[in-house]
Amino acid sequence: MADKKKIILDVDPGHDDAVAILLAAKNEKLDLKGITVVAGNQTLEKTLQNTLNVCSFAGLNDIPIFAGMAKPLVREQVIADDIHGDSGLDGPQFPKSTLKEEDKHAVDFIIEECLAAEDGITLIPTGPLTNIAMALIREPKIKENIDEIVLMGGSYTLGNTTPAAEFNIYVDGEAAKVVFESGLDITMVGLDLTHQAKAYPEIVERIAEIDNDVSNLVVELLKFFGYTYNRVFDFDAPPLHDVCAVAGVIDKDVFTSRKMRVDIETDSELNYGRTVCDFYGVVDKEANAEVALDLNKELFWDLLIEALKKY
Ligand SMILES: [Ca+2]
């Protein structure tokens, strides 16, 4: 059997981040070296507490958790309390966390872990790209050991925070630019893909049938997330964006993709944070990202449900 794939998960929980953590921690193909936390859906204080709460509740006591950047590189902070609530993870009531974050800063952890990973490591960012960009700026040598970055963010069509921009990229467009222009292998798991991962009632039913503490937590998270997605976007079910990026690292068959040029708009007021995707290859610029296209829904939900059964 092939060795497990070393990963660092960089999150801003966030309902879908929470489920992404639960998948990443219980898939036998992944070796989750640590969870780094960034401000995004809520302030860093809240996204960190949510990460600790989820890991503590799920009994994930051996995965180190690191607090990272509290603000975007350049811009004023933007949060998504309309979608994730005042705590960033509204819905369930968590018992007091028994876990604490490590003393080390997330950016230092990313740098040290990547430098040490001579056999390669994969980064999975599911929040704004501030931590990852800072690590790349501070220690460019980490690129030598990074196999790929599979990130949730962007869109080759519409945005969800502005008409042009998806939330994670909009929050820190300058950081996204650093990552997309790093020369690393990038896979962009954007809204076009993640909106195919809607948790319809039959999926929620399958999760509810598992009936352990963690699957029941996921059902509660989906209830709140479904409510806000319906209120804000008129969606008929909540999409599990971040889980798609983790699933795509576990199994390349989770989605199809197309290699293309992706540039990040940071100058325009109207289009700030847009991932400008050269879908038809009309500009003479080197392709720099695999852009996710079509989700294999059956495989995706099976991976998540198998992981939840292990709690
Ligand atoms: Ca997220």
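The values are calculated or read from the model by the stated rules, or taken from the named source; none is laboratory data. This one's a predicted model, so the numbers in the text were calculated from it and none came from an experiment. Cβ sites come from the backbone with ideal geometry, for glycine too, and all protein chains shown count toward neighbours. The protein model used for the area step is the full one, side chains on, heavy atoms only, and it has no ligands, DNA or RNA in it. Shrake-Rupley method; radii C 1.70, N 1.55, O 1.52, S 1.80 Å.
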* Pairs, please: C-beta under 9 Å, at least 6 apart or cross-chain, first residue within 14 Å of Glu76 (Cβ to Cβ) and in the range 171-185, second of a type in the set (D, E, K, R)? -> Val171/Asp12; Val171/Arg75; Asp172/Lys71; Asp172/Arg75; Gly173/Arg75; Gly173/Glu265; Gly173/Arg274; Glu174/Arg75
* To do: Could you tell me whether any residue of the range 122-133 is out of contact with any Pro (no Cβ under 9 Å at 6 or more places or on another chain), free of Cβ contacts under 8 Å to residues at least 24 places away in the same chain, more than 16 Å from the ligand (Cβ to nearest atom) and on the phi < 0 side of the Ramachandran plot?
  => no
* Structure fact -> So, first residue assigned to a helix (DSSP H, G or I) in the range 229-250, second residue more than 16 Å from the ligand (Cβ to nearest atom) and charged (D, E, K, R), Cβ within less than 7 Å, six or more apart or across chains; the pairs are Val249/Lys5; Ile250/Lys29
* Test result for Ala197, under 25 Å from Ala135 (Cα atoms) and open to solvent by less than 10 Å² (accessible area, probe 1.4 Å) -> no
* One residue from Gln49, Gln42 being touching an Asp or Glu at 6+ places or on another chain (Cβ under 8 Å), at pLDDT 95 or above and not aliphatic (A, V, I, L, M) -> Gln42
* Please find, among Leu60, Leu23, Leu89, the residue that is farther than 24 Å from Ala237 by Cβ and modelled with pLDDT of 95 or more. => Leu60
* Asked: Of the residues Val78, Val74, which is away from the ligand (no atom under 14 Å from the Cβ), closer than 21 Å to Ile169 by Cβ and assigned to a loop (DSSP other than H, G, I, E, B)?
  -> Val74
* Can you tell me which residues in the range 205-227 are free of Cβ contacts under 8 Å to residues at least 60 places away in the same chain, under 21 Å from Gly85 (Cα atoms) and touching a helix residue (DSSP H, G or I) at 6+ places or on another chain (Cβ under 7 Å)? -> Val219
* Restrict the check to the range 255-275 and report whether at least one residue is part of a helix (DSSP H, G or I) and surrounded by fewer than 18 Cβ atoms within 10 Å (Cβ to Cβ). => no
* **Among (1) surrounded by fewer than 23 Cβ atoms within 10 Å (Cβ to Cβ); (2) on the phi < 0 side of the Ramachandran plot; (3) not in a helix (DSSP H, G or I) - the single one Gly59 does not satisfy** => (2)
* To do: Consider only pairs whose beta carbons are under 6 Å apart and that are at least six residues apart or on different chains; among these, list those whose first residue lies in the range 18-33 and is under 9 Å from Val243 (Cα atoms) and whose second residue is among the polar types (S, T, N, Q) and within 13 Å of the ligand (Cβ to nearest atom).
  => Ala20/Thr126
* **Qualifying positions in the range 8-34 - buried (at least 24 other Cβ atoms within 10 Å of the Cβ) and away from the ligand (no atom under 14 Å from the Cβ)** => Ile8
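So that you can scan it fast, the table gives a plain yes or no per residue for (1) aromatic (Phe, Trp, Tyr); (2) more than 20 Å from the chain's Cα centre (by Cα):
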residue: Gln196; (1), (2): no, no
residue: Ile207; (1), (2): no, yes
residue: Asp213; (1), (2): no, yes
residue: Leu217; (1), (2): no, no
residue: Phe235; (1), (2): yes, yes
residue: Cys244; (1), (2): no, no
residue: Gly248; (1), (2): no, no
* Asked: In the range 152-198, what count of residues is obtained for those that are in a helix (DSSP H, G or I), more than 10 Å from Gly273 (Cα to Cα) and more than 16 Å from the ligand (Cβ to nearest atom)?
  -> 3
* Asked: What number of residues in the range 87-110 are open to solvent by 20 Å² or more (accessible area, probe 1.4 Å) and not in a loop (DSSP other than H, G, I, E, B)?
  -> 1
* Asked: For the range 35-43, does any single residue satisfy the condition of being of a type outside the set (A, V, I, L, M), more than 15 Å from Thr122 (Cα to Cα) and either assigned to a helix (DSSP H, G or I) or away from the ligand (no atom under 13 Å from the Cβ) (or both)?
  -> yes
* Structure fact -> In the range 169-186, anything in contact with a Leu (Cβ under 7 Å, 6 or more places away or on another chain), open to solvent by 10 Å² or more (accessible area, probe 1.4 Å) and of a type outside the set (Gly, Ala, Ser) is listed as Glu174, Val178
* Check Asp119 against each of (1) in a loop (DSSP other than H, G, I, E, B); (2) surrounded by 16 or more Cβ atoms within 10 Å (Cβ to Cβ) and name the one condition it does not meet. => (2)
